[in-house]
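The values are calculated or read from the model by the stated rules, or taken from the named source; none is laboratory data. None of these values were measured; they are calculated from a predicted model. All Cβ positions, even for glycine, are placed from backbone atoms using ideal geometry, and neighbour counts span all protein chains on display.
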């Protein structure tokens, strides 16, 4: 690209993307491992068979937004919901509308690795403040960061990626009170939160500058469908309608997403199983002497390793793909099926013994403790 008149800020940049490798156990991108049932696939096939492809789709996606509002509850209607091609496009719409040249977005690091790219692509200045050592975000931290940076968009990720950490509703309320601009709570993993973890959806009626974003990729096992959405005041939805591209959601996407929502109980039925696997894995890793972040998501951040790349490669050599992401010394593994989790544990034991990891507690000794 050296001979192309590329934007200066793109020079030397690499496209985003986690490794997509053909290995027996892919536990690196937080997908739901349970595929749709044959009955659901048949319903999806019927919906996609003739969605009127010779005509442009409903550019407002009204029926889909109505279904999404019904799923979310909290008294929301279609006027409170916006949908796009994954939460990536939702976030881009928000920064196109409320960020941009001369404006800033602030979040708390470590957090989702795509956030700075959303900011870059919308000419929004990207700012971060460090999380607490346990990866939490509290009221004092928010208050101090807002006072220092005065962000146009304050982005709170709950549960956070890659740490799995949730933000309390008290902190979200405080953020809405002190932030001068928009407050966006990214709840991509909210369905996996531990019992009693509330959603910021309950605060929307009180705070017109609050936005809650969600996705169907994770809990709905719909990553291939590419459907993200937000809930907010109607004025926020109208702002997104201004910046969206014409007919941004295909007729097929809308039709298939509506089928998925109609089968929500079936698709969400594995969420409890994934929570159980996640919690069992947290306990097992801690029993092995590793540090583990408290998590409300469908993944676990664990460490700390002097050479995390070597651990990652050792797992990959044994057919287990996880993610080398987050703070130095940490790795992230997605919650999977019992078979996948057993394969991960077996591989990690082998790697730990081969590398003689400091502080590693063999399973028999850990079981006696």
> Out of (1) closer than 30 Å to residue 302 by Cα; (2) modelled with pLDDT under 90, the odd one out for residue 35 is which?
Replying inline: (2)
> In the set 42, 63, which member is touching a helix residue (DSSP H, G or I) at 6+ places or on another chain (Cβ under 7 Å) and surrounded by fewer than 17 Cβ atoms within 10 Å (Cβ to Cβ)?
Replying inline: 63
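Any chance you could count how many residues in segment 208-222 are in contact with a strand residue (DSSP E or B) (Cβ under 9 Å, 6 or more places away or on another chain), more than 17 Å from residue 183 (Cβ to Cβ) and not in a strand (DSSP E or B)?
Within segment 208-222, residues that are in contact with a strand residue (DSSP E or B) (Cβ under 9 Å, 6 or more places away or on another chain), more than 17 Å from residue 183 (Cβ to Cβ) and not in a strand (DSSP E or B) number 3.
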>> Checking the condition crowded, with 20+ Cβ neighbours inside 10 Å and closer than 18 Å to residue 295 by Cα, which residue from 111, 168, 87 passes?
In response: 111
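With a cut-off of at least 1 residues that are more than 30 Å from residue 62 (Cα to Cα), name the helices (runs of 4 or more DSSP H) lying wholly within segment 223-341.
Those helices (runs of 4 or more DSSP H) span 271-287, 308-317.
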> Given the residues 285, 249, which is the only one that is touching a strand residue (DSSP E or B) at 6+ places or on another chain (Cβ under 8 Å), modelled with pLDDT of 95 or more and assigned by TED's automatic domain parsing to the domain that holds residue 166?
Replying inline: 249
>> If I ask for residues that are at pLDDT below 95 and crowded, with 21+ Cβ neighbours inside 10 Å, which ones from segment 261-280 would you list?
In response: 267
>> Looking at residue 154 and the list (1) surrounded by 17 or more Cβ atoms within 10 Å (Cβ to Cβ); (2) under 19 Å from residue 228 (Cα atoms), which single condition is not satisfied?
In response: (2)
> Only one of these conditions is not met by residue 336: (1) in contact (Cβ under 8 Å) with a residue 60 or more places away in the chain; (2) over 19 Å from residue 21 (Cα atoms). Which number is it?
Replying inline: (2)
> Of 4, 76, which residue is in a loop (DSSP other than H, G, I, E, B), at pLDDT 95 or above and either within 23 Å of the chain's Cα centre (by Cα) or surrounded by fewer than 15 Cβ atoms within 10 Å (Cβ to Cβ) (or both)?
Replying inline: 76
>> Regarding segment 223-244, can at least one residue be identified that is surrounded by fewer than 21 Cβ atoms within 10 Å (Cβ to Cβ), under 16 Å from residue 155 (Cβ atoms) and either assigned by TED's automatic domain parsing to the domain that holds residue 170 or in contact with a helix residue (DSSP H, G or I) (Cβ under 7 Å, 6 or more places away or on another chain) (or both)?
In response: no
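Would a scan of segment 313-326 turn up a residue that is at positive phi, crowded, with 19+ Cβ neighbours inside 10 Å and within 24 Å of the chain's Cα centre (by Cα)?
Checked against the condition, which is being at positive phi, crowded, with 19+ Cβ neighbours inside 10 Å and within 24 Å of the chain's Cα centre (by Cα), segment 313-326 yields at least one hit.
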> Given the conditions (1) in contact with a helix residue (DSSP H, G or I) (Cβ under 8 Å, 6 or more places away or on another chain); (2) surrounded by 18 or more Cβ atoms within 10 Å (Cβ to Cβ); (3) over 30 Å from residue 146 (Cα atoms); (4) touching a residue at least 24 places away in the same chain (Cβ under 8 Å), which single one is not true for residue 28?
Replying inline: (1)
>> Which count do you get for residues in segment 339-359 that are more than 11 Å from residue 311 (Cα to Cα) and within 26 Å of the chain's Cα centre (by Cα)?
In response: 7
>> Given the condition modelled with pLDDT under 95 and out of contact with any helix residue (DSSP H, G or I) (no Cβ under 9 Å at 6 or more places or on another chain), answer yes or no: does some residue in segment 96-116 qualify?
In response: yes
> For segment 197-210, does any single residue satisfy the condition of being in contact with a helix residue (DSSP H, G or I) (Cβ under 9 Å, 6 or more places away or on another chain) and at pLDDT below 95?
Replying inline: yes
